[in-house]
Amino acid sequence: METTTERDSLRYTKIPLTNGSGVMPALGFGTLIPDLIDTKNATRLALEAGFRQLDSSERYRNEKEVGEAMQEVFKKGKIKRGDVFIATKLWNNNHRPERVKPAFEASLKRLQLDYVDLYLIHTPFAFQPGDEQDPRDENGKVIYDAGVTLLDTWGALENLVDAGRCKAIGLSDVDVEKTKAIFESARIKPAVVHVESHPYLPEWELLEFCNQNGIVLQAFAALGHSSEPKLLDDPVITSIAKRVHKTPGQVLLAWAVQRGTALLTTSKTPSRIQENFDISTLPEDAMKEISEGIKTRQRFNAVVETGVPGFIPRGK
Ligand SMILES: NC(=O)c1ccc[n+]([C@@H]2O[C@H](COP(=O)([O-])OP(=O)(O)OC[C@H]3O[C@@H](n4cnc5c(N)ncnc54)[C@H](OP(=O)(O)O)[C@@H]3O)[C@@H](O)[C@H]2O)c1
């Protein structure tokens, strides 16, 4: 029977950033939680459970609560600011270079931080510049901004690195082509590419490009976001979970870390937050079974198509 080492070090895996400074803990906690009280509680519990990598975004409209939770934890003294790798993201209405620094400063203020470890461009789609995060015309169509390129925005992020306000910069919701285009032209190369990825959307080609170029692939929706078809109920995952005496969630998170990605998972449920940190190394045959035996392919989040955020509702 396959076994896992009960208390191995997989959960503490750290990935040094090649194209940036700092070291990124692989196991990360995302704060895309609709309720603000839940956000604050979950962020605090995640840090207390052991998570040392946090993801946020101006678009989530909860950086203030994430910041309050972090401050509460830091004040207790056991966990320091420097122990935690903190990321946030620039939203689509702020792609014009002159809007980047003010948006970044506003995020830092809400998060109560004087630097972030990682600043990402949330999507490659520029929306009409202004304070409206979801600008629409009279027909309800998104108003895009053709007056700025992703490279223009990237240049403004490079300036933030120069000023010492963020240790690394990266892209989100991009494909291999967009990643290559920025990689080739950038003065400061992307340290991280943040995309949906799990066994139903393994993104092997992007992962290979990232590995070859010193970029960390950060996988969001690592558990499939509880969407249909349910990755957590996949028979390959549930049978491995039984064999190795772990939960399906722990199997999925271990797979993501062992194949060399950083990841993001989210829960507002205290027991699941603890469960998701308590991962252990999977045997090689289980890794192979997940990577090669699962044939289902499914993207759960449609943001990559239009820049409009949202998980795809059931039945679509
Ligand atoms: N860049 C982007 O466009 C983008 C898009 C989406 C997400 N993200 C980032 O990625 C993070 C993670 O994404 P995600 O929310 O899709 O993550 P996920 O971990 O795949 O899915 C979270 C869902 O799974 C449930 N869950 C968590 N742990 C579980 C467990 N052990 N067993 C069973 N169910 C479990 C949660 O329920 P409960 O909360 O009810 O426990 C929640 O409904 C976000 O918070 C955000 O930071 C980025």
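The values are calculated or read from the model by the stated rules, or taken from the named source; none is laboratory data. Here the structure is a predicted model, which is why all the values come from computation and not from measurement. Cβ atoms come from the backbone with ideal geometry, glycine included; neighbour counts cover every protein chain shown. Quick note on the areas: whole protein, heavy atoms, side chains included, nothing else; ligands and nucleic acids left out. Shrake-Rupley method; radii C 1.70, N 1.55, O 1.52, S 1.80 Å.
The residues of segment 144-229 expose on average 37 square angstrom of accessible surface per residue, using a 1.4 Å probe on protein heavy atoms. Using the Cβ atoms and a cut-off under 15 Å, what net charge is assigned to the surroundings of His95, where Lys and Arg are +1 and Asp and Glu are -1? For residues surrounding His95, the net value is -3. Please report the net charge: other residues with Cβ closer than 9 Å to the Cβ of Thr39, K and R +1, D and E -1. With Lys, Arg at +1 and Asp, Glu at -1, the net is -1. 3J(HN,Hα) couplings calculated from phi for segment 291-308 with the Karplus curve 6.51 cos²θ - 1.76 cosθ + 1.60 (θ = phi - 60°) are, in sequence order, 5, 10, x, 8, 9, 4, 10, 7, 9, 9, 10, 8, 4, 5, 7, 10, x, 8 Hz; Gly and Pro show x.
Would you mind checking the pairs Lys64/Lys268; Lys14/Lys189; Lys268/Lys288; Lys40/Lys178; Lys141/Lys178; Lys89/Lys246 and listing those with alpha carbons more than 28 angstrom apart? If you can, show how the numbers build up before the last one.
Values: Lys64/Lys268 17 Å; Lys14/Lys189 20 Å; Lys268/Lys288 31 Å; Lys40/Lys178 34 Å; Lys141/Lys178 24 Å; Lys89/Lys246 33 Å.
Beyond 28 Å between Cα atoms: Lys268/Lys288; Lys40/Lys178; Lys89/Lys246.
Sorted by average packing, counted as other Cβ atoms within 10 angstrom per residue and highest first, what order do 26-33, 122-129 take?
Working: 26-33: 23.2, 122-129: 21.0.
Top to bottom by mean Cβ count within 10 Å: 26-33, 122-129.
Binning all Cα-Cα separations of segment 41-114 at 10 Å, short to long from zero, yields these whole-percent fractions: 19, 51, 23, 7.
Can you give the charge dipole size of segment 106-199 about its Cα centre, rounded to the nearest 20 debye, using +1 on the beta carbon of Lys and Arg and -1 on the beta carbon of Asp and Glu? List each step's numbers first, then the result.
Numbers: 10 positive and 16 negative charges, 74 e Å.
Value, rounded to 20: 360 debye.
With a 10 Å radius around each residue's Cβ, average the other Cβ atoms per peptide and rank 12-23, 249-260, highest first.
Values: 12-23: 15.9, 249-260: 23.5.
Listed from highest to lowest mean packing, they are 249-260, 12-23.
May I ask you to give the percent of accessible area on the chain that is carbon plus sulfur, with a probe radius of 1.4 Å? Of the solvent-accessible surface of the chain, carbon and sulfur hold 51 percent. For the chain, take the longest principal axis of its alpha carbons; what is the angle in degrees between that and the long axis of helix 97-111, to the nearest 10 within 0 to 90? Long axis of 97-111 versus the principal axis of the chain: about 50 degrees.
Can you check what the net charge comes to around Val148, using other residues whose Cβ is under 12 Å from the Cβ of Val148 (Lys, Arg +1; Asp, Glu -1)? For residues surrounding Val148, the net value is -1.
Using a 1.4 Å probe and counting only protein heavy atoms, arrange Lys76, Lys40 so the residue with the most accessible area comes first.
Values: Lys76 135, Lys40 55 Å².
Result of the area sort, largest leading: Lys76, Lys40.
Averaged per residue, segment 1-142 has 46 square angstrom of accessible surface, using a 1.4 angstrom probe with ligands and nucleic acids left out. Distance from the Cα centroid of segment 90-153 to that of segment 263-315 is 27 Å (rounded to whole angstrom). Expressed to the nearest 5 percent, the antiparallel share of DSSP beta bridges inside segment 175-316 is 20 percent. To the nearest 10 square angstrom, how much accessible area does Lys178 have with a 1.4 angstrom probe? Roll a 1.4 Å probe over it and Lys178 shows about 80 Å². Specify the angular offset, from 0 to 90 degrees and rounded to the nearest 10, of the alpha carbon long axis of helix 248-258 from the longest principal axis of the alpha carbons in the chain. It works out to around 70 degrees.
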